[in-house]
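First up is the structure itself, then whatever we jot down about it.
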Amino acid sequence: MTFTKKLIQASRTNNSLLCVGLDVDLDRVPPFLLAEKDVVGAFNRAIIEATADLVCAYKPNVAFYEALGERGWRALHKTRRYVPKEIPIIADAKRGDIGNTARMYAKAFFEDMDFDAITVNPYMGFDAVEPFVKFGDKCAFVLCLTSNPSAEEFQRFSINKRPLFLEVAHKVVAWSQHGSCGLVVGATQAGDLKRVREVAPQLPILIPGVGAQGGDLAAAVRDGVNESGELAIINVSRSILYASAERDFAHRARQEAMRLRDEINRHRGG
């Protein structure tokens, strides 16, 4: 099954475009969990079990695990196993390097850890993306227009009379084979998400930046979905993960995930 088919299946089963970002900050987890041998694993398992019927995907940001060294990598492996097989999991790793190195990154995340997708940086061109694309049942989400304030320093440069981010979108459409590519477009980029969707009508678009970063949820849904109201992956992390710092954290995370899932569906008319 291709990534796109798996995504659509999970999205339809759970009636959801919501992706939970598993970006675990040890300074914010409920204090009682700090007594656990594997704090991150215990936290993620509880969050996943509480929300698995409400999401279309999960997205751990690899940096939060790398920062913990060996125990972080162990927790990332465990987290992958906790996610039900029918739900896609995206490694937010933003890898981008020469072909040989990219091939090793692809092996690490797609073979060893069995992630369904990974975020990649296109700055070095197709050489840096091709090793990920060659895994036909996986997906490389290419950074297109990001949500950080200084994104415009490069991403809006004019190339061939159009901004660089649209040039990237056109390139990724050409690179994608059987749904093996997607795009990353921040929810804070009001108006431009629609332009990207017009260029890439059938690619999945990962949309971070809703919530703490100030992205407009209604606009992200309206402009991010395709003609069928699908293929937008609305990522939310902090408001779900840290809905409570008490023993009810998983229940409160479920309530927040359900609220967001239902609000997203209202905006898409579903």
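Just so it is clear, none of the values below were taken in a lab; they were calculated from the coordinates. Just so we're clear, the structure is a prediction, and the values are computed from it rather than from any experiment. We place every Cβ from the backbone using ideal geometry, glycine too, and count neighbours over all the protein chains shown.
Summary table
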| item | result |
| --- | --- |
| Residues ALA218 and ARG162, FRET efficiency given R0 of 22 Å [Cβ-Cβ distance, rounded to 0.05] | 0.25 |
| Mean separation of Cα contacts under 8 Å, 6 or more apart, over the residue count of the chain: relative contact order % | 22 |
| Paramagnetic reach from ASP248 in region 6-42 [backbone N under 12 Å; point 7 Å along Cα→Cβ] | none |
| Computed log₁₀ I(q)/I(0) - Debye formula, equal Cα scatterers, no solvent, region 3-268, q 0.11, 0.13, 0.17 Å⁻¹ | -0.56, -0.79, -1.37 |
| Note, ³J(HN,Hα) from phi for region 32-49, Karplus 6.51, -1.76, 1.60, rounded to Hz, x at Gly and Pro | 5, 6, 5, 7, 6, 5, 10, 4, 5, x, 5, 5, 4, 4, 5, 5, 5, 4 |
| Residue-span extension gain [GLU66 to LYS107] - 0.36 nm each, minus C-alpha spacing | 13.0 nm |
| Whichever lysines have a C-alpha closer than 22 Å to that of LYS78, once near sequence neighbours (fewer than 8 apart) are set aside | LYS6, LYS37, LYS59, LYS94, LYS107, LYS138 |
| Estimated FRET transfer efficiency when R0 is 30 angstrom, pair GLN202-MET124 (beta carbons, to 0.05) | 0.75 |
| Lysines whose Cα lies under 17 Å from that of LYS161, excluding same-chain neighbours fewer than 8 positions away | LYS171 |
| Contour excess over end-to-end distance, with Cα ends at TRP73 and ARG238 and 0.36 nm allotted per residue | 57.3 nm |
| Distance (nanometres) between label positions extended 7 Å along Cα→Cβ at ASP114 and GLU49 | 2.0 |
| Pairwise FRET efficiency - PHE154 versus ILE98, Cβ, R0 = 25 Å, nearest 0.05 | 0.80 |
| Ranked list, fewest to most other Cβ atoms within 10 Å of each Cβ, for TRP175, TRP73 | TRP73, TRP175 |
